[in-house]
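As structure tokens, the structure follows; a few thoughts come after it.
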Amino acid sequence: MAEVGIEFERENLSGVVAVGTYLIDAAKRLGIRFESECIPLEDIHFCRVEITNGSDLLSEPTRLENEHFTGQGRKVNERLACQTKFEKPG
């Protein structure tokens, strides 16, 4: 099984997850909790994260992500953890 090393800088936590894991599930596995659960169909998200390294290992932004950030504004390298999946090992 292909794996990805992940680090959450602010929380000073790191670990390894399988390729195919969503970023939000990787965070939960390491004990990181977001303010609340997202409701993607209502465009309610509490899982905005900044990607500082390894963006080439991640899925392309989804339609829901693009729509959310069009209405809410997007910082550089910002993604929604509930929509972002690890697609390559690294």
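The values are calculated or read from the model by the stated rules, or taken from the named source; none is laboratory data. Note that the structure is predicted; figures quoted are calculated from it, not measured. All Cβ positions, glycine included, derive from the backbone under ideal geometry; neighbour counts span all protein chains shown. These accessible areas exclude ligands, DNA and RNA; they are computed on the full protein's heavy atoms, side chains included. Shrake-Rupley method; radii C 1.70, N 1.55, O 1.52, S 1.80 Å.
Selection of region 12-30 for residues being open to solvent by 50 Å² or more (accessible area, probe 1.4 Å) and either in a helix (DSSP H, G or I) or at pLDDT below 95 (or both) yields ASP25, LYS28, ARG29. Within region 31-43, the residues that satisfy the criterion of being of a type in the set (A, V, I, L, M) and surrounded by fewer than 14 Cβ atoms within 10 Å (Cβ to Cβ) are ILE39, LEU41. In region 64-90, of all residues being modelled with pLDDT of 95 or more and open to solvent by 40 Å² or more (accessible area, probe 1.4 Å), the one that is farthest from VAL4 (Cα to Cα) corresponds to LYS85. Scanning region 1-11 for residues that are open to solvent by 80 Å² or more (accessible area, probe 1.4 Å) and not aliphatic (A, V, I, L, M), we see that the one that is farthest from GLU60 (Cα to Cα) is ARG10.
Of all residues in region 44-61, exactly one satisfies the criterion of being open to solvent by 40 Å² or more (accessible area, probe 1.4 Å), β-branched (Val, Ile, Thr) and in contact (Cβ under 8 Å) with a residue 12 or more places away in the chain, namely THR52.
Got a sec? Which of PHE46, PHE69 is out of contact with any helix residue (DSSP H, G or I) (no Cβ under 8 Å at 6 or more places or on another chain), at negative phi, assigned to a loop (DSSP other than H, G, I, E, B) and of a type in the set (Phe, Trp, Tyr)? Spell out the reasoning first.
Numbers: PHE69 fails: assigned to a loop (DSSP other than H, G, I, E, B).
So the residue among PHE46, PHE69 that is out of contact with any helix residue (DSSP H, G or I) (no Cβ under 8 Å at 6 or more places or on another chain), at negative phi, assigned to a loop (DSSP other than H, G, I, E, B) and of a type in the set (Phe, Trp, Tyr) is PHE46.
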